[in-house]
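Colleague: Pasting in a structure now, in structure tokens, and then I'll have a few things to ask.
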Amino acid sequence: MADRKAQLTIEGLDAPIDLPIYSGTAGPEVIDVRDLVKSGYFTYDPGFVSTASCESGITFIDGANGILLHRGYPIDQLADHSNFTEMAYLLLEGELPNDEQYEDFNSRIRNHTMVHEQIANFFKGFRRDAHPMAVMCGVAGALSAFYHDSLDITKEYDREVSAIRLIAKMPTLAAMCYKYNIGQPFMYPRNDLDYAENFLYMMFGNPCEEFKVNPVMAKAMDRIFMLHADHEQNASTSTVRLAGSTGANPFACVSAGIAALWGPAHGGANEAVLNMLAEIGDESEENIQRYVDRAKDKNDPFRLMGFGHRVYRNFDPRAKVMKETCDEVLSELGMGDDPRLKIAKRLEEIALEDDYFIERKLYPNVDFYSGIILKALGVPTNMFTVIFAVARTIGWVSHWNEMIANGVRIGRPRQLYTGYTQRDYPSQG
Ligand code: SDX
């Protein structure tokens, strides 16, 4: 792959160090620094701002131009013309499915949505008021106890079965987290419903009456799943890759990804946005401006949640689609005057005209509007990140599968050591 090289000149070294440069099909070239350790040096990149951790063909992000491609297809085109199940196939297999492939994939997912009956017992160990993400971390990890022995990750077939099981069972576990939290009985999945519809059925149905999912809500839920499906080497996906590099069971790797996603700087931001909008409360101009000023104040820990991104230095293309979906869903549900939406839109307008946000290229990200839609669908705020985890499972599984299929060395970063140099244990004499 190396057709060019970089030369690193270090004072005191006899000769410069040649480092190969590789080009991909799009995006920045990379400098291969793996041999640098032979010269006694490490690179240093806390937060991995300038580090490519792997080679991948799944998702491409152009942060400067606000572009997001899944296997080459722009996210806005997929959102307009595809659905979550078809996009899941695309992410996992690399191409859009033909009709036969789609029907087979869709049927395999629909017929794997039920979880082992013993899984229900894990919930009983949690208090009812436990945060659903804490429960999700636990029960998703527990899946590894049920499939540990029927899994040889070196076999493509075993990896495919694990992928289907994870994609299919995460909505069931998520809905169980919600039902446990509100004290209602678990709803069994139905094989006759599509992915998003089945999830909303398990969330809001109950055994005492027939429950028909509103098709507007099902379409909105499917769109939300699509917009959260994958996003290159983000923190939770990198966590799954690192865990997978040790050969760990994919169910355990996904559980590690769920834990990483929970943070408010990552997948927890959608919950934090709604809490922020609730804190702002009053949609008056001066009140909103006060919060924008707080977000700019270095001495104030308040940040504009749902704003900013490590990669996007332009609009997050998902945020644009999410905003359109937000308008569509709320007007179709007769909730167009939701005060939270008004505050969010005014917050965005004020921030995008403010030099502080313009200079730092801070724009709304995927989390800024998603919570407003989820609220309109009747989803409680503490379930937002659980839903993000359900959607991102296809991304985690696709990256895990790509990594294992291509062969991987265990991930083992080094450090800049700044602790004590060697010293002797105090003599007892
Ligand atoms: C997701 O990686 C992914 O792809 C993630 C994700 C995915 O799909 O997987 O896209 C999902 O996690 C989206 C991001 C959700 N998080 C939030 O909305 C939380 C609020 N955003 C910030 O915490 C922050 O913008 C991050 C975490 C998203 C990015 O952090 P960086 O890249 O480390 O940027 P930074 O903290 O160094 O900020 C650069 C400057 C700083 O100011 P200065 O020190 O230069 O003066 O911008 C400021 C920051 O203080 N800044 C903000 C801000 N975000 C950054 N100031 C106010 N409000 C904000 N939201």
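Colleague: Within the range 35-66, can you find the residues that are loosely packed, with under 11 Cβ neighbours inside 10 Å and farther than 22 Å from ASP316 by Cβ?
Modeller: Passing the criteria: LYS38, GLY40, TYR44, PRO46.
To keep it simple, each residue is scored yes or no on (1) part of a helix (DSSP H, G or I); (2) more than 21 Å from the chain's Cα centre (by Cα); (3) modelled with pLDDT under 95; (4) more than 15 Å from the ligand (Cβ to nearest atom).
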site	(1), (2), (3), (4)
GLU349	yes, yes, yes, yes
LEU362	no, no, yes, no
PHE368	yes, no, yes, no
GLY371	yes, no, yes, no
GLY378	no, yes, yes, yes
ARG392	yes, no, no, no
GLY395	yes, no, no, no
ASN401	yes, no, no, yes
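Colleague: Quick test of your reading of the structure: LYS179 fulfils all but one of (1) over 13 Å from HIS112 (Cβ atoms); (2) buried (at least 23 other Cβ atoms within 10 Å of the Cβ); (3) basic (Lys, Arg). Name the failing condition by number.
Modeller: (2) is the only condition that LYS179 fails.
Colleague: Take the range 208-228 and flag every residue that is closer than 24 Å to TYR188 by Cα and either within 13 Å of the ligand (Cβ to nearest atom) or of a type in the set (Lys, Arg) (or both). Walk me through it before giving the result.
Modeller: First, the residues of the range 208-228 that are closer than 24 Å to TYR188 by Cα: 208-226.
Result: LYS212, LYS219, ARG223, ILE224, PHE225, MET226.
Colleague: Of all the residues that make up the range 259-284, how many are farther than 21 Å from GLY47 by Cβ and more than 10 Å from the ligand (Cβ to nearest atom)?
Modeller: Filtering the range 259-284 down to residues farther than 21 Å from GLY47 by Cβ leaves 270-271, 273-284.
Applying the additional criterion that residues be more than 10 Å from the ligand (Cβ to nearest atom) yields 271, 274-275, 277-284.
Result for the range 259-284: 11.
Colleague: Condition first: free of Cβ contacts under 8 Å to residues at least 24 places away in the same chain, surrounded by 15 or more Cβ atoms within 10 Å (Cβ to Cβ), part of a helix (DSSP H, G or I) and not hydrophobic (A, V, I, L, M, F, W, C). Can you find one or more residues in the range 68-86 that meet it?
Modeller: The answer is yes; a qualifying residue exists.
Colleague: Which count do you get for residues in the range 229-253 that are within 15 Å of the ligand (Cβ to nearest atom) and of a type outside the set (A, V, I, L, M)?
Modeller: Selection size over the range 229-253: 10.
Colleague: Still on this model: Exactly one condition in (1) without any contact (Cβ under 8 Å) to a residue 24 or more places away in the chain; (2) within 13 Å of the ligand (Cβ to nearest atom); (3) of a type outside the set (A, V, I, L, M); (4) over 26 Å from HIS70 (Cβ atoms) is not met by ASN287; state its number.
Modeller: Here ASN287 clears every test but (2).
The values are calculated or read from the model by the stated rules, or taken from the named source; none is laboratory data. None of these values were measured; they are calculated from a predicted model. In this analysis, Cβ positions are derived from the backbone assuming ideal geometry, glycine residues included, and neighbour counts consider all displayed protein chains.
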